[in-house]
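Structure, as structure tokens:
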Amino acid sequence: MVWVPWIATENENASSEEIKNLCNKTRNPQSGKLSDLMRITSLTPEVSEDLHTLGSAVYRNATGFTAREKEIIALVTSTFIGCVH
């Protein structure tokens, strides 16, 4: 079955400087890819940036948990709330 997206998103090569800056800021440094969350909120860049900032504050900058523990917490939380990502 072919995947057909139904959510309109902003093209990461858009002419808007705001979108270009957002893509550069939120791009995964290891893979070079944009997160799905950034892509689905790209039509509202202010929301996308706020979500990225929140994720960074909570996940990347959190102390007290190892990387493995953070991944387990994310997995359990996603499963609990029914996230299919």
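The values are calculated or read from the model by the stated rules, or taken from the named source; none is laboratory data. Keep in mind it's a predicted model, so treat the numbers as computed, not measured. Don't worry about glycine lacking a Cβ; one is built from the backbone with ideal geometry, like all the others, and counts go over all protein chains shown.
Before moving on, here are some points about what is shown:
- Note on region 56-69: among residues that are assigned to a helix (DSSP H, G or I) and within 23 Å of Lys25 (Cβ to Cβ), the one that is farthest from the chain's Cα centre (by Cα) is Ala67.
- Restricting region 6-55 to residues that are within 12 Å of the chain's Cα centre (by Cα) and acidic (Asp, Glu) leaves a set whose member that is nearest to Cys83 (Cα to Cα) is Asp36.
- Candidates Glu49, Glu12: the one that is part of a helix (DSSP H, G or I) and in contact with a helix residue (DSSP H, G or I) (Cβ under 7 Å, 6 or more places away or on another chain) is Glu49.
- Cβ separations smaller than 9 Å between residues 6+ apart or across chains give the following pairs from region 39-54 residues that are over 17 Å from Asn28 (Cα atoms) to residues that are in a loop (DSSP other than H, G, I, E, B) and modelled with pLDDT of 85 or more: Val47/Thr41.
- Considered as a group, the residues in region 19-33 that are of a type in the set (Lys, Arg) and assigned to a loop (DSSP other than H, G, I, E, B) include one that is farthest from Ser48 (Cα to Cα), and that residue is Lys33.
- Residue check for Ile7: out of contact with any His (no Cβ under 6 Å at 6 or more places or on another chain), surrounded by 12 or more Cβ atoms within 10 Å (Cβ to Cβ) and of a type outside the set (Asp, Glu): no
- Region 75-85 - residue that is among the aliphatic types (A, V, I, L, M) and either modelled with pLDDT of 80 or more or at positive phi (or both) and, of those, farthest from the chain's Cα centre (by Cα): Val76
- As a summary of the residue check, Ile72 satisfies the conditions (1) of a type outside the set (Asp, Glu); (2) at positive phi; (3) in a helix (DSSP H, G or I) except for the one numbered (2).
- Residue within region 76-84 that is under 29 Å from Trp6 (Cα atoms), aliphatic (A, V, I, L, M), free of Cβ contacts under 8 Å to residues at least 40 places away in the same chain and touching a helix residue (DSSP H, G or I) at 6+ places or on another chain (Cβ under 6 Å) present: no
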